[in-house]
Amino acid sequence: MNSLLIGELSPEQPSFEPTKNKELTDEFRELRATVERMGLMKANHVFFLLYLLHILLLDGAAWLTLWVFGTSFLPFLLCAVLLSAAQAQAGWLQHDFGHLSVFNTSKWNHLLHHFVIGHLKGAPASWWNHMHFQHHAKPNCFRKDPDINMHPFFFALGKILSVELGKQKKKYMPYNHQHKYFFLIGPPALLPLYFQWYVFYFVIQRKKWVDLAWMITFYLRFFLTYVPLLGLKAFLSLFFIVRFLESNWFVWVTQMNHIPMHIDHDRNMDWVSTQLQATCNVHKSAFNDWFSGHLNFQIEHHLFPTMPRHNYHKVAPLVQSLCAKHGIEYQSKPLLSAFADIIHSLKESGQLWLDAYLHQ
């Protein structure tokens, strides 16, 4: 290959790692080999079967609630809550299949991914892959991670980017109040007002007809099971209430591990350091594990994205030791503290933006 080497890439190119921590990278490779020898990359298929069955049980219980108890307010509300739980949990399960962490062959992971995200949730697998793989490659890197695309048009994120935005005298929103309007345009709105419609644009614009077919099966099933019980108007109300509840659940869980962490331009750090500086954990408990789909172990998930989630807690002590050895903070916090940190970080970055906007 030396004969093909003309020169080094410029420092801003992604393949250039001026701050690569070679010792950390080498030791992580050793840790990865240890994890594989321990069998932690092998999935327990019974775990995932039971997980799928519990989602189907929630989904069925929602319909039975209306069929048995009628369509008055309380049964309607209980049905919406059960459906929201089924949708949220299906979201965590499709994440497992999308990461190829359940079966040894990609074929079965892809097939079940289509079934769960397409038929059970009404979303395209190709869209999720397109967005999520970018996120894992460069988490919290501006213009590389689509999960922080709300900067700068809706929110000012991270200390560095917020000050930069203020110095440039850019004001798309009153960012110093973003910790307040987050409750209006963040958790309640993401799924019903954006994802719900954008996914159709995505599959049609990219001609993803297989994904569209899977999505249609979701809407047909939902329509045929609930319209006979509710009528069209109440059916539409139920659908968007479920999306509203699910959206709140989804946003709080997915943002608690990243938004309070370091957000910046891509500084071309080594892969391990990039993952560690952008992620934090939430303490393990039976509820936290279920509520977040084990994404409370976000650090382990980002370091081992194809690891079955039921093994995260087993590798966590090894990751903690690696971080301690290299002086890297390993953050783990209570669930409610993690939620509060989203708001605290938005308030802080909003104030940093305002100070830079007014005085720099």
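Values in this text are rule-based calculations from the coordinates and carry no lab data. Treat the numbers as computed from the prediction; the structure is a model and nothing was measured. Quick reminder, even Gly has a Cβ in these numbers, built from the backbone with ideal geometry, and neighbours come from all protein chains shown.
Looking at segment 230-242, can you tell me whether even one residue there is without any contact (Cβ under 8 Å) to a residue 40 or more places away in the chain and crowded, with 18+ Cβ neighbours inside 10 Å? Looking for residues that are without any contact (Cβ under 8 Å) to a residue 40 or more places away in the chain and crowded, with 18+ Cβ neighbours inside 10 Å, one finds at least one in segment 230-242, hence yes. Yes or no: A278 crowded, with 23+ Cβ neighbours inside 10 Å, of a type outside the set (S, T, Y), in contact (Cβ under 8 Å) with a residue 60 or more places away in the chain and closer than 27 Å to A189 by Cβ? Yes.
For segment 326-341, what are the residues that are out of contact with any Pro (no Cβ under 6 Å at 6 or more places or on another chain) and assigned to a helix (DSSP H, G or I)?
L335, L336, S337, A338, F339, A340
Return a yes/no flag: does segment 134-155 have any residue that is surrounded by fewer than 19 Cβ atoms within 10 Å (Cβ to Cβ), over 19 Å from the mean Cα position of the chain (by Cα) and among the charged types (D, E, K, R). No, segment 134-155 contains no residue that is surrounded by fewer than 19 Cβ atoms within 10 Å (Cβ to Cβ), over 19 Å from the mean Cα position of the chain (by Cα) and among the charged types (D, E, K, R).
If you take the residues of segment 336-356 that are in contact (Cβ under 8 Å) with a residue 60 or more places away in the chain and aliphatic (A, V, I, L, M), which of them is farthest from M256 (Cα to Cα)?
Applying the filter and picking the extreme gives A356.
For segment 156-190, the candidate set comprises residues that are among the aromatic types (F, W, Y) and either in contact with an Asp or Glu (Cβ under 9 Å, 6 or more places away or on another chain) or assigned to a helix (DSSP H, G or I) (or both); within that set, the residue that is nearest to R143 (Cα to Cα) is Y175.
In segment 346-360, the residue that is nearest to the chain's Cα centre (by Cα) out of those that are within 16 Å of Y181 (Cα to Cα) and of a type in the set (S, T, N, Q) is S349. Could you look through segment 76-125, keep only residues that are surrounded by fewer than 17 Cβ atoms within 10 Å (Cβ to Cβ) and of a type outside the set (A, V, I, L, M, F, W, C), and pick out the one that is farthest from W209 (Cα to Cα)? Here the residue is N104. Taken together, the criteria place F200 among residues that are out of contact with any helix residue (DSSP H, G or I) (no Cβ under 7 Å at 6 or more places or on another chain) and surrounded by 15 or more Cβ atoms within 10 Å (Cβ to Cβ).
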